[in-house]
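Scroll down for the structure; my scribbles are underneath it.
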Amino acid sequence: MRFFSQRKRFRDLSEQEVLALAISSEEDDARIYRGYAETLRADYPASARMFEGMAVEEDQHRARLIDLHRHRFGDTIPLIRREHVAGYYARRPIWLMENLGLDRIREEAELMERDAERFYLAAAARATDADTRKLLGDLAAAEAGHQATASELADENLDGDTRQREDATAHRQFVLTWVQPGLAGLMDGSVSTLAPIFATAFATQDTWTTFLVGVAASVGAGISMGFTEAASDDGEISGRGSPMKRGLASGVMTTIGGLGHALPYLIADFWTATIIAFVIVFIELWAIAWIQNKYMQTPFFRAAFQVVLGGALVLAAGILIGSG
């Protein structure tokens, strides 16, 4: 509460402070757009040029605000930033956005413009000076029109073929960094844990013991797969992306794949838990086949045959060993 008490409310800001806040916000947004451009430059040069154009627009807004401040209040601009004002919209740090895909960065840029438009509308409604009110209203209209400006910049820098190539590159990177290691983890977690879980189930017919074995197998496999994926390739040459992201995707999906058919054994009745586990296994295997078909372009029935056959063999081995 002490932190929030030190922040000023927007309605308590003077007109000079509102102008200072607008100036600092435009500076921040220009830096963010240039950060996007730098992040995208290597793989998406056309989108990088688009964001550079948007940064220039923000620079022009800042210059108009500074001229008005100099005219009304002089050259000394108060130091007030978005974090000093309670309830003022925040921006994502650029280092967080670097981990997001091209489409997500574009969506974030649209959100930035909508936030800025709302701020200028609220600021204009409170302004008493005619010149200030006019400029803030003009900037609100400019921010609202930035979607059109962004569209024009996109048309200028992103023709149909260029956008298609960039989208294809983004999709390929998404598949290599997230889908491929995640799918490998899901397959390993779903299939490799079948034998120990069902062997324990049929050997003991104790649901709690089976659950503990399942959790141990799933978590252990997830940790192993995660570290293996992260350590196997740094992504520099292969272009598969961050090893941390790939390791996270592989480790989490491995754990989920194993836990899916371990969780039913929280049910005390052995046969009820086992039947539910069978159903979940069936769903997991078909989900793997669907992901292979959607993202890896593997024919669905071939993927289904491979996955279901392999899973059935491992499941049968676990049941036979546990029943022996």
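No lab work stands behind these numbers, since they all come straight from the coordinates. Treat the numbers as computed from the prediction; the structure is a model and nothing was measured. Backbone-built Cβ (ideal geometry, glycine too); neighbour counts: all protein chains shown.
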- request: Pop out the ³J(HN,Hα) list for region 109-122 in order, Karplus 6.51 cos²θ - 1.76 cosθ + 1.60 with θ = phi - 60°, rounded to Hz; leave Gly and Pro as x.
  value: 5, 4, 5, 4, 5, 5, 4, 5, 4, 4, 4, 5, 5, 5
- prompt: What dipole magnitude, in Debye to the nearest 20, does region 170-323 give about its Cα centre under +1 on Lys/Arg Cβ and -1 on Asp/Glu Cβ?
  reply: 400 debye
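All other residues with a Cβ under 11 Å from the Cβ of residue 85 taken together, and with Lys, Arg as +1 and Asp, Glu as -1, what is their net charge? Could the numbers behind the result be given before it?
Values: positive: 7, 8, 9, 11, 81, 82; negative: 12, 17, 83.
Residues near residue 85 contribute +3 overall.
Hey, fewest Cβ within 10 Å first, where do 84, 261, 61 land in order?
Details: 84 17, 261 29, 61 24.
Least to most surrounded, the residues fall as 84, 61, 261.
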- line: In whole Hz, the Karplus estimates of ³J(HN,Hα) for region 58-74 (6.51, -1.76, 1.60; θ = phi - 60°; x where Gly or Pro) are 5, 4, 5, 4, 4, 4, 5, 5, 5, 4, 5, 4, 5, 5, 8, 10, x
- prompt: Cα to Cα, under 26 Å, and not fewer than 8 places away if on the same chain: which lysines meet these conditions relative to residue 294?
  reply: 245
- request: Note down the net charge around residue 120, summing +1 for each Lys or Arg and -1 for each Asp or Glu among other residues with Cβ under 9 Å from its Cβ.
  value: -2
message: If the reach is capped at under 27 angstrom between alpha carbons, list the lysines near residue 134, excluding any in the same chain fewer than eight residues apart.
response: 8
- prompt: Across region 183-188, in residue order, what do the Karplus-derived ³J(HN,Hα) couplings come to in whole Hz, using 6.51 cos²θ - 1.76 cosθ + 1.60 with θ = phi - 60° and x for Gly and Pro?
  reply: 5, 4, x, 4, 5, 5
Cβ-based charge dipole, region 200-291, positive-most Cα from 271, 261, 291: 291
- prompt: Taking H as built 1.01 Å from N, whose amide H comes closer than 5 Å to the amide H of residue 127, not counting residues under 5 places away?
  reply: none
